[in-house]
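First the structure, in the form of structure tokens, and then the observations on it.
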Amino acid sequence: MSAMSQKLQKVLAQSSFAGIYHLPHSDCKALKQAALALGYGWLQTDFGDSREIAAILKKIGKDLRLPDWYGANYDALADCLTDLSWNTAPGYVLLISGADEIHARDSAAFDTLNEVLAGVIENWQEANIPFWVFYDGRPNGLAPLPTLTPQ
């Protein structure tokens, strides 16, 4: 495991920090290694060249292999991500790539998507299960990853 993976594993283990962040250094491989080392469920989607939120919501459903009843809308996304009984784990990490286009073209849709994801995170926090969301791309106002001070 790389030094970056070990660092990320320490951060991911601090469930109180779970939230929506920009992934520094585009280190997707290290993030995945850290998540899997903790036994967390790994979820990944790439918006690719999708420019409309409807296409993005469909892409999320396909990439995450959401249930057949997923309706490719915000409410259905929240419902599916708050009931991961088909993928039980002590925590979850969702990596989102390719979001720069939708953020630039439709910031309201991007903000609404993040509101939905924030609600998902809160729901899991009530069960003491961390749900992390990372964007791989330009920071665009997203929070930086928390750092831990040595103890």
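Going through the stretch 41-55 one residue at a time, which ones are within 24 Å of P130 (Cβ to Cβ) and either touching a residue at least 60 places away in the same chain (Cβ under 8 Å) or not hydroxyl-bearing (S, T, Y) (or both)? Give the derivation first.
Within the stretch 41-55, the first condition is being within 24 Å of P130 (Cβ to Cβ), and the residues that meet it are 41-47.
Those that are within 24 Å of P130 (Cβ to Cβ) and either touching a residue at least 60 places away in the same chain (Cβ under 8 Å) or not hydroxyl-bearing (S, T, Y) (or both): G41, W42, L43, Q44, D46, F47.
Out of the residues in the stretch 32-67 that are among the charged types (D, E, K, R), under 19 Å from V116 (Cα atoms) and not in a helix (DSSP H, G or I), which is nearest to the chain's Cα centre (by Cα)? Write out each step before concluding.
Step one: filter the stretch 32-67 for residues among the charged types (D, E, K, R), giving 32, 46, 49, 51-52, 58-59, 62-63, 65.
Pick out the ones that are also under 19 Å from V116 (Cα atoms) and you get 46, 51-52, 58-59, 62-63, 65.
Checking the rest, the ones that are also not in a helix (DSSP H, G or I) come to 46, 51-52, 65.
Numbers: D46: 11, R51: 19, E52: 19, R65: 15 Å.
Result: D46.
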Original post:
Looking at the stretch 1-23, which of the residues that are more than 15 Å from the chain's Cα centre (by Cα) and surrounded by 15 or more Cβ atoms within 10 Å (Cβ to Cβ) is farthest from R138 (Cα to Cα)?
Top reply: A13
Original post:
Can you tell me how many residues in the stretch 90-133 are of a type in the set (G, A, S), out of contact with any strand residue (DSSP E or B) (no Cβ under 7 Å at 6 or more places or on another chain) and within 16 Å of Y74 (Cβ to Cβ)?
Top reply: 4
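I'm checking my understanding of the structure. Among residues of the stretch 31-41 that are of a type outside the set (A, V, I, L, M) and surrounded by 15 or more Cβ atoms within 10 Å (Cβ to Cβ), which one is farthest from M4 (Cα to Cα)?
Here is the first cut: in the stretch 31-41, the residues of a type outside the set (A, V, I, L, M) are 32-33, 39-41.
Then drop every residue that is not surrounded by 15 or more Cβ atoms within 10 Å (Cβ to Cβ), which leaves 32-33, 40-41.
Numbers: K32: 11, Q33: 10, Y40: 17, G41: 19 Å.
Residue satisfying both the conditions and the ranking: G41.
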Original post:
Pick from the stretch 46-102 the residues that are farther than 28 Å from A127 by Cα and of a type in the set (G, A, S): which of them is surrounded by the fewest Cβ atoms within 10 Å (Cβ to Cβ)?
Top reply: A54
Original post:
Looking at the stretch 90-121, which of its residues are out of contact with any Asp or Glu (no Cβ under 6 Å at 6 or more places or on another chain), part of a loop (DSSP other than H, G, I, E, B) and not aliphatic (A, V, I, L, M)?
Top reply: P90, G91, D106
Original post:
Has the stretch 78-89 got at least one residue that is more than 28 Å from A13 (Cα to Cα), part of a helix (DSSP H, G or I), touching a strand residue (DSSP E or B) at 6+ places or on another chain (Cβ under 9 Å) and touching a residue at least 24 places away in the same chain (Cβ under 8 Å)?
Top reply: no
Original post:
Can we say W132 is under 14 Å from Y40 (Cα atoms) and over 14 Å from the mean Cα position of the chain (by Cα)?
Top reply: no
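Bear in mind that the values in this text are calculations on the coordinates, not laboratory data. Please read these numbers as outputs of a predicted model, since none were measured by experiment. Neighbour counts run over all protein chains shown; Cβ positions are idealised from the backbone, glycine included.
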